[in-house]
Amino acid sequence: MYYPQHNAAVALYFKDLPSDWKPNIATARSSLRVACTITPDDNELLIAMRHRLFWDLLGYGKTDLFLYQGSIDAITQPITGHPKVVLRFSQDKASIPPGGKMVDMECSFRLMQYTEATYTKALATTLATEIKSAFFVENQGYVFTKGKNIYNYLDTANGYRLLIRGNDQTSATTLIEMLLQLTGTTFDENKLSVSTPMKPNTITTTPQQHMVYGTEVNLPNYRPTTNVRFRDAFVKIPGLLKNIVLFDATGVRSALVH
């Protein structure tokens, strides 16, 4: 009974491959599916290896997990409003200094032309395709340099309240324009404001420490200048507990578009 259940999950995860797919190693995706698929001739060790590759390393076992904060009563209540699109970025692990923390970033906007009742899977799939085209080039996530400056783009009529922490106005404006293009919104420089703190954000080689819950921990650097890479995008629809994953550049979660 385990074989067909496992292999059905594998087929769903690799649904971007043709429906008449036959085992082959011509591409990376096809090779992975071969490696994950259990065959009747597999011994116990090989079955365990295929299981770990699929459920743990590729992360299929995490596809149905979701996180929330606060009371679940507040989340389960239906909320009238517009779907919220979130794009997430994070620092490459290789660039994190010893003892440092990963820098991340989120950008979000509302789809003002839709409500939870009018937004559909077809619309979400189209948006997912546009996000992949704009933020995933040559199999790499788009890279943005964070910094200490705050670039605030306010266009509430079109669903944008962006607070971009960037290093320079040119790159921040480019990112804002990319986000605006996802809804066909035109950039208006009159809606952009810039805040430049006088406080320096130089990363110190010897970080300061302070006591937290009986343990000495490093003080975080003040708005460090760091590259963050696009990882995934999802849409939060009022009334749904789980977010709809639009595109996942890491390949960990099942998304509308691969």
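If we keep just the residues of the stretch 4-24 that are open to solvent by 80 Å² or more (accessible area, probe 1.4 Å) and under 24 Å from the mean Cα position of the chain (by Cα), which is farthest from Arg50 (Cα to Cα)?
Top of the filtered list is Lys15.
Condition check: open to solvent by less than 50 Å² (accessible area, probe 1.4 Å), outside any strand (DSSP E or B) and either over 26 Å from Ala255 (Cα atoms) or in contact with a Pro (Cβ under 8 Å, 6 or more places away or on another chain) (or both). Does Asn149 satisfy that?
Values: open to solvent by less than 50 Å² (accessible area, probe 1.4 Å): yes; outside any strand (DSSP E or B): no; either over 26 Å from Ala255 (Cα atoms) or in contact with a Pro (Cβ under 8 Å, 6 or more places away or on another chain) (or both): yes.
When the stated conditions are applied, Asn149 does not pass them.
Hey, among Leu123, Leu162, Leu192, Leu154, which residue is crowded, with 17+ Cβ neighbours inside 10 Å and within 19 Å of Val86 (Cα to Cα)? So that I can check it myself, show each step before the final result.
Numbers: Leu123 fails: crowded, with 17+ Cβ neighbours inside 10 Å; Leu192 fails: within 19 Å of Val86 (Cα to Cα); Leu154 fails: crowded, with 17+ Cβ neighbours inside 10 Å.
Of Leu123, Leu162, Leu192, Leu154, the one residue that is crowded, with 17+ Cβ neighbours inside 10 Å and within 19 Å of Val86 (Cα to Cα) is Leu162.
Restricting to the stretch 25-48, and then to whatever is open to solvent by less than 60 Å² (accessible area, probe 1.4 Å) and not in a helix (DSSP H, G or I), can you tell me which residue is nearest to Asp248 (Cα to Cα)?
Among those residues, the one meeting the criterion is Thr37.
Residue-by-condition table, conditions (1) over 30 Å from Asp56 (Cα atoms); (2) touching a residue at least 60 places away in the same chain (Cβ under 8 Å); (3) not in a strand (DSSP E or B):
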site	(1), (2), (3)
Thr186	yes, no, yes
Ser193	yes, no, no
Asn201	yes, no, yes
Pro224	yes, yes, yes
Arg231	no, yes, no
Leu240	no, yes, yes
Val245	no, no, no
Gly251	no, yes, yes
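Specify which of the listed residues (Thr126, Thr170) is assigned to a helix (DSSP H, G or I), under 18 Å from Ala233 (Cβ atoms) and of a type in the set (Val, Ile, Thr). Spell out how you get there, then give the answer.
Details: Thr170 fails: under 18 Å from Ala233 (Cβ atoms).
Of Thr126, Thr170, the one residue that is assigned to a helix (DSSP H, G or I), under 18 Å from Ala233 (Cβ atoms) and of a type in the set (Val, Ile, Thr) is Thr126.
State the number of residues belonging to the stretch 236-251 that are within 22 Å of Asn139 (Cα to Cα) and open to solvent by less than 50 Å² (accessible area, probe 1.4 Å).
6
The values are calculated or read from the model by the stated rules, or taken from the named source; none is laboratory data. The model shown is predicted, which means the values in this text are computed figures rather than measured ones. Note: ideal-geometry Cβ built from the backbone for every residue, glycine included; neighbour counts use all protein chains shown. For accessibility, only protein heavy atoms count, side chains too; no ligands or nucleic acids. Shrake-Rupley method; radii C 1.70, N 1.55, O 1.52, S 1.80 Å.
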